[in-house]
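Asks: Starting off with a structure, shown below.
The values are calculated or read from the model by the stated rules, or taken from the named source; none is laboratory data. No experiment lies behind these values; they were computed from the predicted model shown. Reconstructed Cβ throughout: ideal geometry from the backbone, glycine too, with neighbour counts over all protein chains shown. These area figures cover heavy atoms from the full protein model, side chains too; ligands, DNA and RNA do not enter into them. Shrake-Rupley method; radii C 1.70, N 1.55, O 1.52, S 1.80 Å.
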Amino acid sequence: MIKRILISFLAIVFATLPSVRAYAQQTKLSYIRDAEIEHTLRSYASPLFTTAGLNANDVSIHLINNKTLNAFVAGGQRMFFFTGLLERVEHPSQLKGVIAHETGHIAGGHLARTQEALEKATTASIIGYLLGAAAIIAGGGAGGQGIIMGSQALATKNFLKYNRTQESSADQAAMAYLNQVGVSGVGMLEFLKILGESDRANYGKIDPYWRSHPISSERIQALEQQVNNSPFKDVKDPPHEVAALKRIQGKLFGFTNSLAKTLKKYPVEDQSVEARYARAVGYFRRPDIAKATVEIDSLIAEFPGNPYFYELKGQMLYENGDIFGALPSLEAAVETAPFEPLILTLYGRVLLASGRREDDLKAVEVLRTSVSYDPNNSESWHQLATGYSRIGDTGNLALATAERFLLIGKFDKAIFHAKRAQENLGTGTPGFLRADDIITIAAQLESRR
């Protein structure tokens, strides 16, 4: 409940701050949602979160489409990764080192301790929750397909700056976490050096805001000593984790670069999984569906249990007008990954596009499952409302619409539709009570405008 209130509040704040909007335009940031990338990051991160004493389910992961080598935490337990960092890491232990370090900042409460502004409600909401809310306010895009979201903002230049003491503390905590889960700290040390080289190469060119993690020779030396003393120094990454990282890197590259660049990095002679994946995405975006289909079909034939290959094929066909051709692929994706809300939302959208009564009924079931796993995706609520409209469920149509408007900050409309829901739902039912909650929350937030 608290998370939803703060997210909705940001919809007001962002709309009324021209300086924030201007900064977004200058930095050209955008947000992406992708089921596979988020799943891979979480598979690396969850053991580290748990070891740090955090509830892994409470730490949210967000992706920022920007070539900068950066990652940070903000707004409590929210972790952000720039695509530039994900593309630059050379193996999973480097990425795990970054995650462990950022987990150290969360567990150490570093942001909360250094930002007095966090004690002020308005400023806290702006700088503490803006990034986490951005993808939700944007509506989740088209579901987990790596589609770029609308530009948002980072709020203040000083917000993410840590001092050297905190960086060293996060390093020490990270090494403890890595040791406890049996991961080598060599990767963290390697990537710290990569960051240092990047800083030196770009010093004076990059906005100081991006230099949010100060790197010193003393810090590197201290970390080297810890790494050398670790019994897990020479532990190698499991092959399946290496393969997963390569897949998401290929996918990211295909979605964030031109086809020409993709073919240069992943030429047709390269028949690796990541190369075929990148080319499938690149051809799809051209669009050259014939070539894209050849690439993705080869991957599906080789890895019939991978839901994300089916997801991409379904997306490709759907976005190029072949609704009925897309459905079998998306059905396969859902069968192999029944708990991925982004895939479920895409499947629900395509079912609704078929125009068949039986598909409308199935879409409602699928989308209800999606919002149960991720209630903060306004696009999922929008699709669910469409489904309820198709089957004539007026009460739940109004309730789903109210949920959507609450998430995107249109509080007057949220109240209106919540009241309509109550008129059509039985008094005391879960839907009626939820509508009552929406009315109360929306009214409180509307009064703060």
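Asks: Considering (1) part of a helix (DSSP H, G or I); (2) open to solvent by 10 Å² or more (accessible area, probe 1.4 Å), say which one Ala326 fails and leave the rest.
Replies: The single condition Ala326 does not satisfy is (2).
Asks: Next up: Considering only residues of the stretch 365-390 that are over 24 Å from the mean Cα position of the chain (by Cα) and touching a residue at least 12 places away in the same chain (Cβ under 8 Å), which is most open to solvent (accessible area, probe 1.4 Å)?
Replies: Arg390
Asks: Here is a follow-up. Considering only the stretch 329-338, I want to know if a residue exists there that is exposed (fewer than 15 other Cβ atoms within 10 Å of the Cβ), among the small types (Gly, Ala, Ser) and either farther than 30 Å from Val181 by Cβ or modelled with pLDDT under 95 (or both).
Replies: no
Asks: Kindly indicate whether Leu29 is part of a loop (DSSP other than H, G, I, E, B), farther than 30 Å from Thr440 by Cβ, open to solvent by less than 30 Å² (accessible area, probe 1.4 Å) and at pLDDT 50 or above. Even if it seems obvious, please write down each step before you answer.
Replies: On the way: part of a loop (DSSP other than H, G, I, E, B): yes; farther than 30 Å from Thr440 by Cβ: yes; open to solvent by less than 30 Å² (accessible area, probe 1.4 Å): yes; at pLDDT 50 or above: yes.
When the stated conditions are applied, Leu29 passes them.
Asks: A further question follows. Which residue, of Val281, Val268, Val294, is of a type outside the set (D, E, K, R) and buried (at least 16 other Cβ atoms within 10 Å of the Cβ)? Give the steps one after another, and end with the answer.
Replies: Working: Val268 fails: buried (at least 16 other Cβ atoms within 10 Å of the Cβ); Val294 fails: buried (at least 16 other Cβ atoms within 10 Å of the Cβ).
Result of the check over Val281, Val268, Val294: Val281.
Asks: Right, another one. For Phe339, only one of the following conditions fails: (1) under 26 Å from Lys313 (Cβ atoms); (2) of a type outside the set (A, V, I, L, M); (3) part of a helix (DSSP H, G or I). What is its number?
Replies: (3)
Asks: What residue, of Asp234, Asp297, Asp270, is of a type in the set (Asp, Glu), on the phi < 0 side of the Ramachandran plot, in a loop (DSSP other than H, G, I, E, B) and without any contact (Cβ under 8 Å) to a residue 24 or more places away in the chain?
Replies: Numbers: Asp234 fails: without any contact (Cβ under 8 Å) to a residue 24 or more places away in the chain; Asp297 fails: in a loop (DSSP other than H, G, I, E, B).
Residue meeting the stated conditions: Asp270.
Asks: Would the stretch 424-434 turn up any residue that is charged (D, E, K, R) and under 29 Å from Val334 (Cβ atoms)? Show your work before the answer.
Replies: Of all residues in the stretch 424-434, those charged (D, E, K, R) come to 434.
Next, from what is left, pick out any that are under 29 Å from Val334 (Cβ atoms): 434.
Looking through the stretch 424-434, at least one residue is charged (D, E, K, R) and under 29 Å from Val334 (Cβ atoms).
Asks: So which residues in the stretch 301-323 are open to solvent by less than 10 Å² (accessible area, probe 1.4 Å) and out of contact with any Leu (no Cβ under 9 Å at 6 or more places or on another chain)? Steps first, answer last, please.
Replies: So in the stretch 301-323, the residues open to solvent by less than 10 Å² (accessible area, probe 1.4 Å) come out as 309, 311-312, 314-316.
Once the filter is applied, which keeps residues that are open to solvent by less than 10 Å² (accessible area, probe 1.4 Å) and out of contact with any Leu (no Cβ under 9 Å at 6 or more places or on another chain), the stretch 301-323 yields only Met316.
Asks: Can you tell me which residues in the stretch 310-336 are without any contact (Cβ under 8 Å) to a residue 60 or more places away in the chain and hydrophobic (A, V, I, L, M, F, W, C)?
Replies: Met316, Leu317, Ile323, Phe324, Ala326, Leu327, Leu330, Ala332, Ala333, Val334 - these are the residues of the stretch 310-336 that are without any contact (Cβ under 8 Å) to a residue 60 or more places away in the chain and hydrophobic (A, V, I, L, M, F, W, C).
Asks: Can you tell me how many residues in the stretch 405-416 are part of a helix (DSSP H, G or I) and surrounded by fewer than 24 Cβ atoms within 10 Å (Cβ to Cβ)?
Replies: Let us first name the residues in the stretch 405-416 that are part of a helix (DSSP H, G or I), namely 405-407, 411-416.
Pick out the ones that are also surrounded by fewer than 24 Cβ atoms within 10 Å (Cβ to Cβ) and you get 412-413, 415-416.
Going through the stretch 405-416 one residue at a time, the tally reaches 4.
Asks: Checking the conditions here, which among Gly387, Gly395, Gly428 is more than 20 Å from Thr369 (Cβ to Cβ) and of a type in the set (Gly, Ala, Ser)? Before the answer, list the steps.
Replies: Numbers: Gly387 fails: more than 20 Å from Thr369 (Cβ to Cβ); Gly395 fails: more than 20 Å from Thr369 (Cβ to Cβ).
Every option except Gly428 fails the conditions.
Asks: Also, quick follow-up: Among (1) under 28 Å from Leu342 (Cβ atoms); (2) assigned to a loop (DSSP other than H, G, I, E, B); (3) open to solvent by 70 Å² or more (accessible area, probe 1.4 Å); (4) not hydrophobic (A, V, I, L, M, F, W, C), there is one condition Arg448 misses while meeting the rest; what is its number?
Replies: Checking Arg448 against (1) under 28 Å from Leu342 (Cβ atoms); (2) assigned to a loop (DSSP other than H, G, I, E, B); (3) open to solvent by 70 Å² or more (accessible area, probe 1.4 Å); (4) not hydrophobic (A, V, I, L, M, F, W, C), the one that fails is (1).
Asks: Taking the stated definitions as given, is Ala56 open to solvent by 10 Å² or more (accessible area, probe 1.4 Å), at pLDDT 85 or above and of a type in the set (A, V, I, L, M, F, W, C)? Steps first, answer last, please.
Replies: Details: open to solvent by 10 Å² or more (accessible area, probe 1.4 Å): yes; at pLDDT 85 or above: yes; of a type in the set (A, V, I, L, M, F, W, C): yes.
Judged against the criteria, Ala56 is a match.
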